[in-house]
Amino acid sequence: MADEKPVALEPREDGGDGRRYAPSTARNREPVRDVFAAQGLTSGQVLEIASGTGEHGAFLTDAFPELHWTYSDIDPAGRISQQAWRGAAEHDRLSGPLAIDASSDNWGEVEGKAWDLIVSVNMVHISPFAATEGLLRGAGRLLKPGGHLFLYGPYARNGDIAPSNAAFSENLQSRDPAWGVRDLDLDLVPLASREGLRLKPVIQMPSNNLSVLFRRS
Ligand SMILES: C[S@@+](CC[C@H](N)C(=O)[O-])C[C@H]1O[C@@H](n2cnc3c(N)ncnc32)[C@H](O)[C@@H]1O
């Protein structure tokens, strides 16, 4: 359903300590956790691009005690919430938040480090495509050989789009013409291949979303 899709300005509550909550994360964090478990993404150094509220990092590091997670976002308000989630955690495996614009070719202090996993949930369709291009270049540049890029969100496949995703895409474009649901096969895969990123089997998620994994060769 289109109304189950996350949007940039969806209502978010502040629990009083600066931690914000996104309704979409309440719906998708457990299915995402199950994909992480099934795909063996349960340990190592994770860089998250567009961490938003910061809930995914908090939830997944609670679930997987060998995961070390670095938050980032272009948006200062998001980074304040991420900092609050880091402060509330009962472990020290959350780092950041860092100011990273995915579309840039210099992600600052994370450059030069080899990452096991780069994660980006629900950014690709709610940002100009330059952010996705930069994300794929960054994954090619910074992932270890054998490392993974994990994306979550709605996608078209080879020109086919679910009606709810088409309606959602129109809604996004009415907010910002540079936003919109992308085609995984036509828009992302060719760019990813150039960066040495090979698409693994795609996992269907609730509400016509996908979990997408690319493996760095
Ligand atoms: C719909 S929110 C998703 C946030 C979070 N990942 C989640 O699932 O709740 C989209 C996020 O993308 C971030 N974003 C948009 N453009 C970006 C860019 N160029 N670089 C990094 N983050 C960006 C926004 O600041 C926002 O936090």
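The values are calculated or read from the model by the stated rules, or taken from the named source; none is laboratory data. Remember, predicted model here, so these are calculated numbers, not experimental data. Here Cβ is always computed from backbone atoms with ideal geometry, including for glycine, and neighbour counts include all displayed protein chains. Side chains are part of the model used for accessible areas, which takes the heavy atoms of the whole protein and leaves out ligands, DNA and RNA. Shrake-Rupley method; radii C 1.70, N 1.55, O 1.52, S 1.80 Å.
Report, ordered by the first and then the second residue, all pairs with beta carbons closer than 7 Å, sequence separation of six or more or different chains, a first member in the range 156-167 that is in contact (Cβ under 8 Å) with a residue 40 or more places away in the chain, and a second member that is surrounded by fewer than 16 Cβ atoms within 10 Å (Cβ to Cβ) and in a loop (DSSP other than H, G, I, E, B). Hits for this filter: SER164/MET1. Of the strands (runs of 3 or more DSSP E) lying entirely inside the range 92-161, those containing at least 3 residues that are open to solvent by 20 Å² or more (accessible area, probe 1.4 Å) and farther than 21 Å from ARG198 by Cβ are 94-99. Being of a type in the set (Val, Ile, Thr), open to solvent by 50 Å² or more (accessible area, probe 1.4 Å) and part of a loop (DSSP other than H, G, I, E, B), is that true of even one residue in the range 173-182? No, because not a single residue in the range 173-182 is of a type in the set (Val, Ile, Thr), open to solvent by 50 Å² or more (accessible area, probe 1.4 Å) and part of a loop (DSSP other than H, G, I, E, B). For the criterion of being surrounded by fewer than 22 Cβ atoms within 10 Å (Cβ to Cβ), in contact (Cβ under 8 Å) with a residue 60 or more places away in the chain, more than 16 Å from the ligand (Cβ to nearest atom) and at positive phi, GLY44 passes.
Against the test of being within 8 Å of the ligand (Cβ to nearest atom), among the hydroxyl-bearing types (Ser, Thr, Tyr) and touching a strand residue (DSSP E or B) at 6+ places or on another chain (Cβ under 8 Å), the options SER120, SER127 yield a single qualifying residue, SER120. Quick test for you: out of GLY146, GLY138, GLY134, pick the one residue that is more than 14 Å from the chain's Cα centre (by Cα) and closer than 27 Å to VAL46 by Cβ. Sole residue among the options that is more than 14 Å from the chain's Cα centre (by Cα) and closer than 27 Å to VAL46 by Cβ: GLY146. Consider the range 183-217 and keep the residues that are small (Gly, Ala, Ser) and surrounded by 16 or more Cβ atoms within 10 Å (Cβ to Cβ). The one that is farthest from LEU142 (Cα to Cα) is SER207.
For the range 10-17, indicate whether the set of residues that are modelled with pLDDT under 95 and part of a strand (DSSP E or B) is non-empty. Yes.
Would it be correct to say that ARG86 is at pLDDT 95 or above and either assigned to a loop (DSSP other than H, G, I, E, B) or out of contact with any strand residue (DSSP E or B) (no Cβ under 9 Å at 6 or more places or on another chain) (or both)? Criteria not met by ARG86.
Show the residue pairs that are 6+ apart or on different chains and have beta-carbon atoms under 6 Å apart, the first residue being within the range 192-203 and in a helix (DSSP H, G or I), the second being surrounded by 15 or more Cβ atoms within 10 Å (Cβ to Cβ) and at pLDDT 95 or above. Taking only residues 6 or more apart or on different chains, the pairs are ALA192/LEU136; ALA192/PHE214. Only one of the numbered conditions (1) within 14 Å of the ligand (Cβ to nearest atom); (2) on the phi < 0 side of the Ramachandran plot; (3) open to solvent by less than 50 Å² (accessible area, probe 1.4 Å); (4) without any contact (Cβ under 8 Å) to a residue 60 or more places away in the chain is not met by THR61, and that is (1).
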